[in-house]
1. So which residues in the stretch 159-194 are farther than 20 Å from residue 403 by Cα, among the basic types (Lys, Arg) and in contact with a strand residue (DSSP E or B) (Cβ under 9 Å, 6 or more places away or on another chain), if there are any at all?
2. Have a look at 330, 386, 377, 368 and point out the one that is closer than 19 Å to residue 148 by Cβ, in contact (Cβ under 8 Å) with a residue 40 or more places away in the chain and crowded, with 19+ Cβ neighbours inside 10 Å.
3. Take residue 262 and decide whether it is in contact with a Pro (Cβ under 7 Å, 6 or more places away or on another chain) and either under 13 Å from residue 243 (Cα atoms) or not hydroxyl-bearing (Ser, Thr, Tyr) (or both).
4. If you take the residues of the stretch 74-107 that are charged (D, E, K, R) and either at pLDDT 85 or above or out of contact with any Asp or Glu (no Cβ under 9 Å at 6 or more places or on another chain) (or both), which of them is nearest to residue 191 (Cα to Cα)?
5. Output the number of the condition that residue 292 fails; it satisfies all remaining conditions of (1) surrounded by fewer than 18 Cβ atoms within 10 Å (Cβ to Cβ); (2) part of a helix (DSSP H, G or I); (3) modelled with pLDDT of 95 or more.
6. Using the structure shown, decide if residue 399 is among the acidic types (Asp, Glu) and surrounded by fewer than 19 Cβ atoms within 10 Å (Cβ to Cβ).
7. Restricting attention to the stretch 114-139, report how many residues are among the polar types (S, T, N, Q), surrounded by 14 or more Cβ atoms within 10 Å (Cβ to Cβ) and within 29 Å of residue 69 (Cβ to Cβ).
8. Say whether the condition of being touching a residue at least 24 places away in the same chain (Cβ under 8 Å) and surrounded by 15 or more Cβ atoms within 10 Å (Cβ to Cβ) is met by at least one residue in the stretch 489-499.
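The values are calculated or read from the model by the stated rules, or taken from the named source; none is laboratory data. Owing to the predicted nature of the structure, the values given are computational and were not obtained by experimental measurement. Note that we place each Cβ from the backbone using ideal geometry, even for glycine, and neighbour counts take in every protein chain shown.
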Amino acid sequence: MKNIKKAKLNYSKKIIIILCIVAFVIFISVVFSLINIGNNKIYPNIKVQGLSVYGKEQEEVNTELNKIYNEKKLAGIKLKQGDYETIISFDQLGITCNVGDAVTEAYAIGRRGNIITNNYNILLRYFIPKDIEVNFTIDENSIDKVIEDVESKLPNVVVDNDYYIDGDKLIITKGKSGVIINKDELKEKIIEEIKDFSNEDYTIEIPVTEKSPEGIDIAKIADEITCEPQNAYLSENPLEVHADKDGIALAISLNEAKSILAEDKEEYEIPLTITKAEIKVSDLGEDAFPNLLGTCTTNYDASNINRNNNLMLAAEKINETIVNPGETFSYNQTIGQRTIAAGFKEAKAYANGKVVLDVGGGICQLSSTLYNSVLLSNLEVVERRSHYFETSYLPAGRDATVSWGSVDFKFKNNRKYPIKIVASAKDGVVKVDIYGIKQDDDYDVTIESQETSVIPMETIYEEDNSLEKGEQVVSQKGADGCTSETYKTLSRNGIVISKALVSKDTYNDLPTIIKENK
């Protein structure tokens, strides 16, 4: 009996102790809650995207973080590799972020439960800090495209082997060793930089790897170019054009070709046996190209004799070019190497981020005009790069730069029938028309481009002791850079079918250079 009473007494004591503890917890919670009544600031040891927000009101934090993000967005991210620099914008990368949700979550800690859970969460933060991440939307495909564009513009990028057919010769150009971008590493660095709110230096050193071009595989090339001749012909009701094709084969054995390639040369010529088609598409007359598919004109200063010469010569080379279905047109291969012997002259051009005199300077205007005609004809663009600086003859996002041996403009005839390029450059006007046969499933095409941000022009001062003391001379007039987006809209019978992004481009600022003698 005594044991039963003793057990009851112990039980009662335990109950009293538990009740006291509960009462104490409730008392402390009430006191803690009373202390925090009216506190509209974020509690200790809470961060948003690595930045402390303790003791700040929700709206204050929203303002501060949005200011940091907008400053990063305005500045963009600078990419560097050796002497090469370029700035990529957040718009170009398809980036958006939601600062508000992260700040709301930070403010809600210690406020969204009952008294006990709220106090527990507040006290817990003293021992375990909380860092809330901002939700970013990042288009990784856009980052990939930007990195590819940057790589194509590196002055020391590796150049792969290439080949083209010129008459009865197979011309193989030897590649050059250079660098390639470590794309995954750079993408990771870009994403880290986007999310780093504490870093005020928005510069990334481009990670690269030295690379040599692959060996020339003549057997593979021979297999790609060998074909039998095929005559062109027209069929009626409906009108259809069947393209011609010349027969092509190596005129020498593979071993003989390999011995030619064993020599240390920049360019190789392999003789071909060409079996001409007896009837060409060009023999079919204008009936084979009855419809204008796309046209573009741009203006230039005809008084610039050298530039005028280069444009006229390049236009003559692409004029009347016929591209059969499935074939890819290469601007560089069609124009050929720009040399004095080929008739080209020195004129201003962009090279390695500077305005320089270059043999063939100015012919990018023709490739850019052709690019717009290709877009308006809804043909497939295979290779196109924007200039380092914005051009004067077309809006941002509508140009196509070229450089012999590295950057080309290529498009594929993805239509059912052959197309013909008609090009001219005279009296200060470059014009490119593309003719073919309109199909029932064709669209009306419109191209729109818009500048998404401005990259302010820099001013660079260079010491020149040949000037008088205190004299300043502007040796290069600068211009702002920009970022742009270009869209292609397809419609039929006035109804929009689709609107697709063609490209996002960055044009660097051209600095004003002032020579002075202080």
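1. The answer is 169, 189.
2. 386
3. Working: in contact with a Pro (Cβ under 7 Å, 6 or more places away or on another chain): no; either under 13 Å from residue 243 (Cα atoms) or not hydroxyl-bearing (Ser, Thr, Tyr) (or both): yes.
For residue 262, the condition - in contact with a Pro (Cβ under 7 Å, 6 or more places away or on another chain) and either under 13 Å from residue 243 (Cα atoms) or not hydroxyl-bearing (Ser, Thr, Tyr) (or both) - is not met.
4. Applying the first criterion (charged (D, E, K, R)) to the stretch 74-107 yields 78, 80, 83, 85, 91, 101, 105.
Going one step further and asking which of them are either at pLDDT 85 or above or out of contact with any Asp or Glu (no Cβ under 9 Å at 6 or more places or on another chain) (or both), we end up with 78, 80, 83, 85, 101, 105.
Details: 78: 13, 80: 16, 83: 23, 85: 19, 101: 20, 105: 23 Å.
Ranking the qualifying residues of the stretch 74-107, first place goes to 78.
5. Checking residue 292 against (1) surrounded by fewer than 18 Cβ atoms within 10 Å (Cβ to Cβ); (2) part of a helix (DSSP H, G or I); (3) modelled with pLDDT of 95 or more, the one that fails is (2).
6. no
7. Of the residues in that region, 1 qualify.
8. Yes, the conditions are met somewhere in the stretch 489-499.
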